[in-house]
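A quick write-up on the structure given underneath.
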Amino acid sequence: MEIRSVKVSDYYVISPLINVWWGGRNMSDMLPKLFFEHFTQTSFIAENDGKLVGFLIGFLSQTHSNEAYIHFVGVHPEYRKLNIGKHLYKKFFKVVKQNNRSMVRCVTSPVNKGSIAFHTKMGFEIEDGDRIIDDLSINTDYDGPNQDRVLFVKKLN
């Protein structure tokens with residue numbers, strides 16, 4: 001497996017795959033082309049024999065000088081459980097440290113139990129929200145009405 005920086009042309013490959021990889025959920029609007037144009041230093045593609053099998057779109061916060069943010073991550077359904085996500089995150093963490101940042105943040109939907117388990121396993125802590133549902137701290141309407149989110153933070157060593 002090879003991990004490389006994203007290119008603008010990757011947008012045209014990834015965009016049609018997103019909703020398929022998410023089981024038909026409409027997610028592609030969350031990843032506009034601008035991420036492939038402006039965050040190439042902190043966003044990565046995983047390929048297996050030239051085939052796209054995963055991606056991570058992240059950036060260094062311009063507001064918080066010690067933080068970085070993971071915006072969107074996807075792994076091809078047939079390649080899950082092969083540590084591709086873990087390798088993408090480690091690559092991102094390395095770049096974050098090289099840029100003298102020590103905090104990484106990200107969010108997910110409370111219904112995405114796989115994402116919650118993955119982030120917890122990767123050492124992320126769930127930040128306190130404004131309500132608890134099924135023992136999970138939730139931030140109500142975080143991304144708009146009825147768009148509750150689980151917020152994660154990880155301190156890098």
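Looking at Ile84, Ile138, Ile132, which is the one that is closer than 24 Å to Tyr11 by Cβ and either out of contact with any Ser or Thr (no Cβ under 9 Å at 6 or more places or on another chain) or open to solvent by less than 30 Å² (accessible area, probe 1.4 Å) (or both)? Residue meeting the stated conditions: Ile84.
On the given criteria, is Val75 surrounded by 13 or more Cβ atoms within 10 Å (Cβ to Cβ), out of contact with any Gly (no Cβ under 8 Å at 6 or more places or on another chain) and either in contact (Cβ under 8 Å) with a residue 40 or more places away in the chain or more than 22 Å from Lys154 (Cβ to Cβ) (or both)? Taking the combined requirement at face value, the residue does not satisfy it. Within region 64-76, count every residue that is under 18 Å from Gln41 (Cα atoms) and among the β-branched types (Val, Ile, Thr). Residues flagged as under 18 Å from Gln41 (Cα atoms) and among the β-branched types (Val, Ile, Thr) within region 64-76 amount to 2.
When Lys113 is tested against (1) modelled with pLDDT under 95; (2) of a type outside the set (Val, Ile, Thr); (3) farther than 17 Å from Met27 by Cβ, just one condition goes unmet, and that condition is (3).
Given the criterion in a loop (DSSP other than H, G, I, E, B) and farther than 23 Å from Arg4 by Cα, identify the matching residue among Val153, Val107, Val111. Spell out the reasoning first.
Values: Val153 fails: in a loop (DSSP other than H, G, I, E, B); Val107 fails: in a loop (DSSP other than H, G, I, E, B).
None of the others qualify; the one that does is Val111.
The values are calculated or read from the model by the stated rules, or taken from the named source; none is laboratory data. Treat the numbers as computed from the prediction; the structure is a model and nothing was measured. So basically every Cβ, Gly included, is an ideal-geometry build from the backbone, and we count neighbours across all protein chains shown. To get the accessible areas, we keep the full protein, side chains included, count just its heavy atoms, and leave off ligands, DNA and RNA. Shrake-Rupley method; radii C 1.70, N 1.55, O 1.52, S 1.80 Å.
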